[in-house]
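First comes the structure, then the notes that go with it.
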Amino acid sequence: MAKFAVILAAAGASQRFQDPHYKKPFAPLANKPVWLHSAEKFVSRQDVKQIVLVLNPEDREYFQFKFSSNVAILGIDTVDGGSTRADSVRLGLEQVRDEIDFVCVHDAARPCLADKWIDQVFEAATKHDAAILGIPVTGTLKKVGEQGNIEKTVSRDHLWEAQTPQVFRRVLLAKAHAQSEASSATDDAQLVERLGQTVFVVRGSPLNLKITAKEDLRFAESALKALPKPKLGPTHPFADDDLWR
């Protein structure tokens, strides 16, 4: 069985979230913080051998105060991130153990995952070395000028919106971060593409939404209810919903 590590990216500034009390990974969602919903989808998988949560350094003290017991119980590693998402993923990657075959990068603020989507993207990565979740663009796309005017309508044919998880063979992702200019990259697939590596897309779901603004929490709560519920035994680490408090 291939061995996977998961890097949970939670080091952003949450500038668009605009909540005076929480950054988006730590906001409460259905009785748990957002990041914990994301982590719980991986922590009980037999093929996941390591989880690395990447934090903004300015959140370290708050996180330790609120969640240190959860991290200890679940065996999650934490590391301080950098000034960009790519820097943060690279710093997380440096903590991945040598025994790991594949690295999964997932947004900590994308809490509505179904187990089958993870299964499918993991399987695709083992076959093709690089795979991501994505969904086809369905809306009409407009290129808009600086004054707010429509410059042209853009064809949506063959356009997909990238999601996470994004899964890569560990040595491939490490090479992509080492050889590519990462500052302009908006996801890890872009870095891997620059190597000339084919990245396969596994169809995800609109339910796999990324929380950006505060109102997204309401949509996420509905999405969680729409997902199939895992069967948790009494010894499962998330059988007790009060664990995070």
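With a ≥ b ≥ c taken as the square roots of the eigenvalues of the C-alpha gyration tensor of the stretch 22-100, please select rounded if a/c is under 1.5 and otherwise prolate if a/b is larger than b/c or oblate if it is not?
oblate
What's the extension gain from residue 95 to residue 152 if we count 0.36 nm per residue and subtract their Cα-Cα distance?
16.0 nm
Taking the Cα centre of the chain as the origin, how large is its charge dipole in debye, to the nearest 20, when only Lys and Arg (+1) and Asp and Glu (-1) carry charge on their Cβ atoms?
About 500 debye.
In the Gaussian network model of the chain, springs joining C-alpha atoms below 10 Å, which of 142, 127, 214 carries the largest mean-square fluctuation?
Result: 142 has the largest fluctuation of those listed.
Take the alpha carbon gyration tensor of the stretch 125-172, find the square roots of its eigenvalues, order them as a ≥ b ≥ c, and report rounded if a/c is under 1.5; if not, report prolate when a/b exceeds b/c, else oblate.
prolate
Across the stretch 27-42, in residue order, what do the Karplus-derived ³J(HN,Hα) couplings come to in whole Hz, using 6.51 cos²θ - 1.76 cosθ + 1.60 with θ = phi - 60° and x for Gly and Pro?
For the stretch 27-42, the Karplus curve yields 5, x, 9, 6, 6, 9, x, 3, 4, 6, 4, 5, 5, 5, 6, 10 Hz.
Toward the positive end of the charge dipole of the stretch 4-226, about the Cα centre and with charges on Cβ (Lys, Arg +1; Asp, Glu -1), which of 78, 125, 91 goes farthest?
The listed residue farthest towards the positive side: 125.
Pick out which of 101, 157, 59 has the largest mean-square fluctuation in a Gaussian network model of the chain, springs linking Cα atoms closer than 10 Å.
157
Where does the chain land at 222 nm, in deg cm²/dmol rounded to the nearest 500, when only DSSP H runs of n ≥ 4 count, each adding -39500 (n - 2.57), divided by all residues?
Rounded to the nearest 500, the figure is -9000 deg cm²/dmol.
Return the whole-Å distance between the Cα centroid of the stretch 52-90 and the Cα centroid of the stretch 131-180.
About 27 Å separates the Cα centre of the stretch 52-90 from the one of the stretch 131-180.
Do any of 152/214; 3/214; 116/210 go past 26 Å between their Cα atoms, and which?
152/214; 3/214
Pairs of alpha-carbon atoms within less than 8 angstrom and 6+ residues apart define the contacts here; what relative contact order does the stretch 4-226 have, in percent?
The value is 25 percent.
Can you return the aspartates and glutamates within cross-link range of residue 24? Criterion is Cα-Cα under 16 Å, with same-chain partners fewer than 8 residues away left out.
Partners found: 58, 59, 107, 215, 216, 221.
With the convex hull built on the Cα atoms of the chain, state its orientation-averaged projected area in nm².
14.3 nm²
Take the alpha carbon gyration tensor of the stretch 54-111, find the square roots of its eigenvalues, order them as a ≥ b ≥ c, and report rounded if a/c is under 1.5; if not, report prolate when a/b exceeds b/c, else oblate.
oblate
Give me a comma-separated list of calculated 3J(HN,Hα) values for the stretch 150-167, in order, Karplus coefficients 6.51, -1.76, 1.60 applied at θ = phi - 60°, integers in Hz, x for any Gly or Pro.
Per residue, the Karplus-derived 3J(HN,Hα) values read 6, 8, 6, 8, 9, 4, 9, 4, 6, 8, 10, 8, 6, 10, 10, x, 10, 10 Hz.
Residue by residue through the stretch 115-130, which ³J(HN,Hα) values in whole Hz follow from phi under the Karplus form 6.51 cos²θ - 1.76 cosθ + 1.60 (θ = phi - 60°), with glycine and proline marked x?
Result, ordered by residue: 4, 5, 5, 5, 3, 5, 6, 4, 5, 5, 5, 5, 7, 10, 6, 8 Hz.
Please identify, among 197, 46, 147, the residue showing maximal mean-square fluctuation in a Gaussian network model of the chain using a 10 angstrom Cα cutoff.
Looking only at 197, 46, 147, the biggest GNM fluctuation is shown by 147.
Are there any trypsin sites (Lys or Arg not before Pro) in the stretch 14-109 that are in a DSSP loop and have at most 13 other Cβ atoms within 10 Å? List them by number.
Sites meeting the loop and neighbour criteria: 16, 97.
Every read-out reported here was derived from the displayed coordinates using simple, explicitly stated rules and does not represent laboratory data. All values reported here derive from a predicted model rather than from experimental measurement. So basically every Cβ, Gly included, is an ideal-geometry build from the backbone, and we count neighbours across all protein chains shown.
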